[in-house]
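The values are calculated or read from the model by the stated rules, or taken from the named source; none is laboratory data. Just so it is clear, the model here is predicted, and its values are computed rather than measured. Cβ atoms come from the backbone with ideal geometry, glycine included; neighbour counts cover every protein chain shown.
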């Protein structure tokens, strides 16, 4: 006789911006980094044949979607065009002057590189960088960098009882993790870091 009576449970955990306090170390004017965190799943088990065969299965999913607040350095607009006159303590020398060892080189007038000496390809690439949104020449750009971390895992098991001295079980497990981390410089200049791995296990005994 086959029995279909079984029992199980379901669960869900959620966390998000609505349930969290404002980040204490965030910068003024920068919105709080988004967070949507869900962890959910369930388990079920029961007899297949009364006192002889049993099954159990479970699943758990974790979906963490949000952003991290990142502080980094980007060049100011004047430096991109070769004008370093506003940066104290920095002297730019003309590489086409002096000796091969660098001795006797002369500084650029007003600490500004002539436009004819600036590589236009480099200038185009530098123009794709985000503009500073904080004062200063270092640690002058803050942004929220998106990320996604997804994990799914499932386990199943069947037990068979033949006699008091003989039994058998078969277990199968599967796990799959996937993640992506974006760049504070955007998708034009820097690609996101991606990762994925899967694990499958089985153990008949």
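For every residue, the table says whether it meets (1) crowded, with 16+ Cβ neighbours inside 10 Å; (2) over 22 Å from residue 25 (Cα atoms).
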position	(1), (2)
133	no, no
137	yes, no
142	yes, no
152	yes, yes
Among 79, 103, 23, 33, the single one that is in a loop (DSSP other than H, G, I, E, B) and over 23 Å from the mean Cα position of the chain (by Cα) is 103
Specify the residue that is farthest from residue 29 (Cα to Cα); the eligible residues are those in the range 87-122 that are modelled with pLDDT under 90 and touching a helix residue (DSSP H, G or I) at 6+ places or on another chain (Cβ under 8 Å).
90
Step by step: first the residues of the range 50-75, then only those that are touching a strand residue (DSSP E or B) at 6+ places or on another chain (Cβ under 9 Å) and not in a strand (DSSP E or B), then the one that is surrounded by the fewest Cβ atoms within 10 Å (Cβ to Cβ). Which residue is that?
51
Suppose the filter is assigned to a loop (DSSP other than H, G, I, E, B), in contact (Cβ under 8 Å) with a residue 24 or more places away in the chain and more than 30 Å from residue 15 (Cα to Cα); does residue 85 pass it?
yes
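Answer yes or no: is there a residue in the range 131-138 that is free of Cβ contacts under 8 Å to residues at least 24 places away in the same chain and either at positive phi or part of a loop (DSSP other than H, G, I, E, B) (or both). Give the derivation first.
Here is the first cut: in the range 131-138, the residues free of Cβ contacts under 8 Å to residues at least 24 places away in the same chain are 135-136.
Among the residues that remain, those that are also either at positive phi or part of a loop (DSSP other than H, G, I, E, B) (or both) are: 135-136.
Yes, that holds for at least one residue.
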If residue 205 passes every condition in (1) outside any strand (DSSP E or B); (2) touching a strand residue (DSSP E or B) at 6+ places or on another chain (Cβ under 7 Å); (3) at pLDDT 90 or above but one, which one does it miss?
(3)
